[in-house]
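Reading through the C-alpha cells given below for one structure.
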Amino acid sequence: MLLPHEPGPIGVFDSGYGGLTILHGIRQLLPEYDYLYLGDNARAPYGPRSFDVVYEFTRQAVVRLFEMGCHLVILGCNTASAKALRTIQQHDLPQLDARRRVLGIIRPTAEVIGKLTTSRHVGVLATEGTIKSESYRLEIQKLWPDISVTGVACPFWVPLVEYNEADSPGADYFVKKRIDQLMRLDPAIDAVILGCTHYPLLMPKILKYISPGVRIVPQGEYVASSLQDYFARHPEIEQQCAKHGIAHYLTTENPDKFKEQAQLFLHEPVEVENIMLG
C-alpha cells in the first residue's frame, strides 16, 4: 500500500553513487526541499545488465520510494533512464498511482544541448548500456533533428571513480583512450555530454585530453534547472514536495562504505541507512 497524499521528500534513485552528482546539483539550486536518496549499490553496476533486469530493479526502487512518501522520483541514473523510465511512466504509474511522477535525466540534457553546440556535432561518453540504448541520440534528434550524435562506451570509468582512482596516473590511459576514440569517429564534435553521473569526478582528466574548444556537458546543473522549470509548470506536484531542507540516504549495501564514497561526491558527511529491495 502506498502512503496517503501528504507532502514528502523528492526521491532520487541511482544504481550506485553517481546519482549523488545529480542530487548535489539539484540541492545547490533547490536547497529548501527534502530529498531521499536511494542507491542500489549491492546490485551495481547497472550498465552491463539487460533491459528487463534494469527495469525490474528500477521499478522496485521506485515503488519503495513511493512507499516512503515520495510523490516525485528522479532516476538519477542514465542506465535506468535509458532502459526503464518509459515503461515505468507508461505502464506502472497508472497502476501504482497516476498522481505521482517519475522523471529521468536524459531528456533535460537533450533539451539544452542544441544551445551548446555550434557545429551541430555532439559526442556522448557513457556506459555500455546507455550507448547501446541510443537514448541520447533518439532524444536529441527528436528535439534537434539537425544534430549528429556519436557515442562511445567507457567501461572502466565507473570503477576508476568508485575505487578512488580518479586522480591516479593510471586513469589517464583510460580517459585519453575513449576521448581519442570519440574524436576520431567525428572530429567535428564541439560538445561532449558526460552521459554517466560518475564521470564529473574525472573532470580534471577529461579536460586534460579533450580538444581545445570542445565543451564538456555534465548533467547536474541542467537537471536541476529542468526540475525548477518542471515545478513552475506543475505546481500540483511541487506542492506535494516537503520543504525542510533535509536529505536522507539509503543504500542496499554497507552503510559505512556508502558514507565513505558519498563524501567523494558531496564533500560533506552523511548519515546512511541500509534497506533491502526485491
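The values are calculated or read from the model by the stated rules, or taken from the named source; none is laboratory data. The structure displayed is predicted, hence computed values, not measured ones. Reconstructed Cβ throughout: ideal geometry from the backbone, glycine too, with neighbour counts over all protein chains shown. Calculation scope for accessible area: heavy atoms of the full protein, side chains included, ligands and nucleic acids excluded. Shrake-Rupley method; radii C 1.70, N 1.55, O 1.52, S 1.80 Å.
Please report how many Lys pairs in the stretch 104-250 have alpha carbons closer than 16 angstrom, counting only residues at least 8 apart along the chain or sitting on separate chains.
Lysine pairs meeting the criterion: 5.
Which order do Arg100, Arg215 take when ranked by solvent-accessible area (1.4 Å probe, heavy atoms of all protein chains), largest first?
Arg215, Arg100
To the nearest 20 debye, what is the magnitude of the charge dipole of the chain about its Cα centre, counting +1 on the Cβ of each Lys and Arg and -1 on the Cβ of each Asp and Glu?
Computed charge dipole of the chain: roughly 800 debye.
Could you work out the local net charge near Leu93, counting Lys and Arg as +1, Asp and Glu as -1, over the other residues with Cβ closer than 13 Å to its Cβ?
Value of the local net charge: +3.
For the chain, take the alpha-carbon Rg, divide it by the Kirkwood Rh, and send me Rg/Rh.
Here Rg/Rh amounts to 0.95.
For the stretch 63-167, give the magnitude of the charge dipole about the Cα centre (Cβ charges: +1 Lys/Arg, -1 Asp/Glu; no others), in debye to the nearest 20.
Dipole of the stretch 63-167, to the nearest 20 debye: 460 debye.
Under 17 Å Cα to Cα from Lys257, which aspartates and glutamates show up? Leave out anything in the same chain fewer than 8 places away.
Asp14, Asp40, Glu162, Glu165, Glu268, Glu271, Glu273
Roughly how tilted is helix 255-266, in degrees to the nearest 10 and between 0 and 90, from the longest Cα axis of the chain?
50 degrees
Taking the Cα atoms only, what angle lies between the long axis of helix 169-185 and the longest principal axis of the chain, rounded to 10 degrees?
70 degrees
May I ask which residue of Thr118, Leu38, His24 lies farthest towards the positive end of the charge dipole of the chain, with charges of +1 (Lys, Arg) and -1 (Asp, Glu) on Cβ and the Cα centre as origin?
Comparing the listed Cα positions along the dipole, Thr118 ranks first.
To the nearest 10 degrees, how steeply does helix 19-29 sit against the main Cα axis of the chain, on a 0 to 90 scale?
80 degrees
Taking all pairs of different Cα atoms in the stretch 154-210, averaging 1/r and flipping that mean, what Kirkwood radius in angstroms comes out?
Result for the stretch 154-210, one decimal place: 11.5 Å.
What's the center-to-center distance, using Cα atoms, between the stretch 61-113 and the stretch 229-268 in Å?
Measuring centre to centre over Cα atoms gives 15 Å.
Sorted by packing (mean other beta-carbon atoms within 10 Å per residue), highest first, where do 60-72, 7-19, 157-169 land?
7-19, 60-72, 157-169
If you place +1 on the Cβ of every Lys and Arg, -1 on the Cβ of every Asp and Glu, and leave all else neutral, what size is the dipole of the stretch 146-278 about its Cα centre, to the nearest 20 Debye?
440 debye
For Ile74, what residues show an amide H to amide H distance below 5 Å, using hydrogens built from the backbone and excluding near sequence neighbours?
The answer is Gly11, Val12, Phe13, Leu103.
For Gly8, which sequence-distant residues (separation of 5 or more, or a different chain) have an amide H within less than 5 Å of its own amide H, given hydrogens modelled in the peptide plane?
Amide H neighbours of Gly8: His71, Cys241, Ala242.
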